[in-house]
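What follows is a single structure, written as structure tokens, with notes after it.
No value in this document is a laboratory result; all are computed from the given coordinates. Please read these numbers as outputs of a predicted model, since none were measured by experiment. No Cβ is skipped: glycine too gets one built from the backbone with ideal geometry, and neighbour counts run over all protein chains shown.
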Amino acid sequence: MNTIITQFLKSFYFLLAVIGLASCEDKGQPILDNTVPFKVQEYVDFTSGNIPLILSVPHGGKLKPKEIADRTCNNAVIVMDQFTIELAQAIMGEFAKTGLKPYLIINKMHRSKMDANRNKSDAACGDKNAQAVWDLFHSQIQSSMVSINTKFQKGLFIDLHGHGNPKQRVELGYLLHDDELALPDTTLNSSALLEVSSIQNLANNNIAGIFHTDLLKGENAFGSLLDQAGFASVPSSKDPVPLASDNYFSGGYNTANYSSYKEGTIDGIQVECNRAGLRETAANRQAFAKAFVRTATAYLKAHYFTEIPLKN
């Protein structure tokens with residue numbers, strides 16, 4: 001008799017368990033959730049600096065997480081800028097030899113998954129994980145700007161890219177198109193052109209009192225200083241205006257949003273680096289890194305500070 005009751009109870013409890021499992025399945029509730037959370041921090045590197053200079057690298061990432069579909073919205077461009085992360089790291093290494101350290105923000109996600117130099121809608125094409133990486137990248141730039149404003153009251157933002165144009169020279173973007181750079185100096189120095197420049201604050205408040213055109217293509221313009229350091233650049237004193245056929249890059253989302261074009265006292269330049277003789281080998285990148293450090297420090301001293309302030 002006891003054996004019969006025991007068998008009945010076992011069958012009864014088994015039936016209850018089956019009903020319970022079925023109920024869970026009907027409600028769409030998984031019994032176990034082994035999903036690994038998406039780790040946003042794996043896709044953005046950040047280094048805090050001690051000088052009023054920010055470097056960002058939006059298109060050098062190689063990581064392609066399977067959780068994120070390839071971007072297809074709004075004619076998405078998905079080509080990465082090869083060796084720009086390595087170039088930024090070489091620049092940081094050269095700065096370290098001087099005791100100076102810019103702020104550095106690197107996007108490690110491939111452009112096919114997220115474009116860190118576009119607005120969030122175009123950058124992520126609606127993917128929540130891609131949006132989270134975009135948010136982190138841009139929040140690090142914004143926090144760096146707050147830090148610089150607090151410590152130094154002014155500074156410079158550089159958005160580092162690589163271009164594939166035939167002319168092997170550095171292209172510097174100030175949000176001014178080739179036809180605008182070709183305008184007479186009086187027009188380039190007018191309030192109408194200053195209002196669309198990414199260095200408008202510097203043009204109005206530089207320590208030497210020079211004009212907008214001098215900062216774009218004078219002897220101490222960023223491009224001229226780079227040229228003097230061995231890397232041909234446009235605009236510069238030697239190459240003041242790109243041709244209409246050059247496909248010149250005047251600057252993008254980051255330069256527009258993190259420069260004095262938007263507001264404030266931090267100016268911005270999009271630096272588009274050619275491949276041959278600059279990005280393609282470690283030796284080339286090292287040579288450019290030395291030239292870049294020389295240029296950036298000379299630029300800051302000529303226009304922002306007589307001596308570069310250093311604060312941790």
What one gets for the chain as the Kirkwood radius, inverse of mean 1/r over different Cα pairs in Å, is 21.5 Å
Non-local residues with an amide H under 5 Å from the amide H of Gly162, with H modelled 1.01 Å from N and Pro and chain starts lacking one, are Cys273
What is the Cα radius of gyration of the range 63-162 over 2.2 N^0.38 Å, N being its residue count? 1.20
Beyond 13 Å, how much of the Cα-Cα pair distribution for the range 105-165 remains, as a whole percent? 65 percent
Only Cα pairs under 8 Å and at least 6 apart count here; give the relative contact order of the chain as a rounded whole percent. 21 percent
Label point 7 Å beyond Cα of Asp70 along Cβ direction - residues of the range 94-114 with amide nitrogen under 13 Å: 111-114
What is the dipole size for the chain, taken about its Cα centre, with +1 at each Lys and Arg Cβ and -1 at each Asp and Glu Cβ, in debye to the nearest 20? 980 debye
Which of the lysines could a cross-linker span from Lys64 if the Cα-Cα distance has to be under 26 Å and same-chain partners fewer than 8 positions apart are dropped? Lys39, Lys108, Lys113, Lys120, Lys128
If I build a Gaussian network model for the chain, linking alpha-carbon pairs within less than 10 angstrom, which residue out of Lys154, Lys97, Lys120 has the largest mean-square fluctuation? Lys97
From the square roots a ≥ b ≥ c of the eigenvalues of the alpha-carbon gyration tensor of the range 143-220, which class results: rounded (a/c under 1.5), prolate (a/b over b/c), or oblate? oblate
What does the C-alpha gyration tensor say about the overall shape of the range 167-272? Classify as rounded when a/c is under 1.5, otherwise prolate if a/b is larger than b/c, or oblate. rounded
Using each residue's phi in the range 220-234, evaluate 6.51 cos²θ - 1.76 cosθ + 1.60 at θ = phi - 60° and report the 3J(HN,Hα) Karplus result to the nearest Hz, with x for Gly and Pro. 10, 5, 4, x, 5, 5, 5, 4, 5, 8, x, 10, 4, 9, 9
For the Cα atoms of the chain, what angle does the longest principal axis make with the long axis of helix 282-303, in degrees from 0 to 90, nearest 10? 60 degrees
